[in-house]
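These notes concern the structure reproduced below.
The values are calculated or read from the model by the stated rules, or taken from the named source; none is laboratory data. These numbers come from a predicted model, not from an experiment. Heads up, the Cβs are rebuilt from the backbone with ideal geometry, glycines too, and the neighbour counts pull from every protein chain shown.
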Amino acid sequence: MDAAYDLLARICVLLAGIALVVMTAIFAWLVFGRYVLNDTPTWVEQVSLLLVMVIAFLGAAAGVHNHTHLSVVIFRNMVPTRVRSVFVFVSDILMAGFGGMMFWYGIELTKFKWNTLIPLIQWSEGLRSLPLTISGALLFLFSTRHLIRLCLGLDVRQDNIDQG
């Protein structure tokens, strides 16, 4: 299972990286069109908003898996080991719950918006919430995996149970 989760995280990083490169390229086209051709491509803003969703949500999911997501560990590092293990467990439970809610409500939002079109590009408005939905499922899976590894004593996070 670890290999499958690692592959999922690498795919998230790869897709977020591709989205970042594509967004850079279309902004270059925007600048070229505006200042050289004197014809601003109006679709760039809408496509870039979709790409930002992919970058942010898939990047966050990969960050949770790789233990690099923004988190405040100062409180965990200041407390004794027993309290620290409770903090780690509770934060994983909360992340799994949050991911599950993102997934559940993301599905509802995507279904609700699917038949509406994004202006200027005529793509489904549901594409805006699809990265949120996928990220919610991944957050749930990755956090649940962390919980299982924590309960089995296989957790490898540097700030979790024992510092030395």
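I need a count of the residues in the stretch 23-46 that are touching a helix residue (DSSP H, G or I) at 6+ places or on another chain (Cβ under 6 Å) and either of a type in the set (Lys, Arg) or surrounded by 15 or more Cβ atoms within 10 Å (Cβ to Cβ) (or both).
From the stretch 23-46, those touching a helix residue (DSSP H, G or I) at 6+ places or on another chain (Cβ under 6 Å) are 23, 26, 30, 39-41, 44; that's our starting set.
Now drop any that are not either of a type in the set (Lys, Arg) or surrounded by 15 or more Cβ atoms within 10 Å (Cβ to Cβ) (or both), which leaves 23, 26, 30, 41, 44.
Qualifying residue count, the stretch 23-46: 5.
Matching residues to (1) at pLDDT 90 or above; (2) under 30 Å from Val47 (Cβ atoms):
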| position | (1), (2) |
| --- | --- |
| Gly99 | yes, yes |
| Phe103 | yes, yes |
| Leu109 | yes, yes |
| Leu120 | no, yes |
| Arg128 | yes, yes |
| Gln158 | no, no |
Thr68, sole failed condition from (1) exposed (fewer than 15 other Cβ atoms within 10 Å of the Cβ); (2) touching a residue at least 24 places away in the same chain (Cβ under 8 Å): (2)
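Can you spot a residue in the stretch 110-118 that is basic (Lys, Arg) and surrounded by fewer than 18 Cβ atoms within 10 Å (Cβ to Cβ)? I'd like the intermediate steps shown before the answer.
Going residue by residue through the stretch 110-118, those that are basic (Lys, Arg) are 111, 113.
Now narrow it down to the ones that are surrounded by fewer than 18 Cβ atoms within 10 Å (Cβ to Cβ): 111, 113.
Within the stretch 110-118, one or more residues are basic (Lys, Arg) and surrounded by fewer than 18 Cβ atoms within 10 Å (Cβ to Cβ).
Tell me which residues, restricted to the stretch 89-127, are of a type in the set (A, V, I, L, M, F, W, C) and either part of a loop (DSSP other than H, G, I, E, B) or over 28 Å from Asp155 (Cβ atoms) (or both).
We begin by selecting, within the stretch 89-127, every residue of a type in the set (A, V, I, L, M, F, W, C); these are 89-90, 93-96, 98, 101-104, 107, 109, 112, 114, 117-118, 120-121, 123, 127.
Hits for the stretch 89-127 are Ile107, Leu109, Phe112, Trp114, Leu117, Ile118, Leu120, Ile121, Trp123, Leu127.
For the stretch 61-105, which positions are of a type in the set (A, V, I, L, M) and touching a helix residue (DSSP H, G or I) at 6+ places or on another chain (Cβ under 6 Å)? Full working, then the answer.
From the stretch 61-105, those of a type in the set (A, V, I, L, M) are 61-62, 64, 70, 72-74, 78-79, 83, 86, 88, 90, 93-96, 101-102; that's our starting set.
Answer for the stretch 61-105, where residues must be of a type in the set (A, V, I, L, M) and touching a helix residue (DSSP H, G or I) at 6+ places or on another chain (Cβ under 6 Å): Ala61, Ala62, Val64, Met95, Ala96, Met102.
Among the residues of the stretch 60-85, what is the count of those that are of a type outside the set (Lys, Arg) and modelled with pLDDT under 85?
To start, the set of residues in the stretch 60-85 that are of a type outside the set (Lys, Arg) comprises 60-75, 77-81, 83, 85.
With the extra rule that they be modelled with pLDDT under 85, the set shrinks to 67-75, 77-81, 83, 85.
Here the count works out to 16.
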Residue in the stretch 32-45 that is more than 20 Å from the chain's Cα centre (by Cα), among the aliphatic types (A, V, I, L, M) and over 23 Å from Leu117 (Cα atoms) present: yes
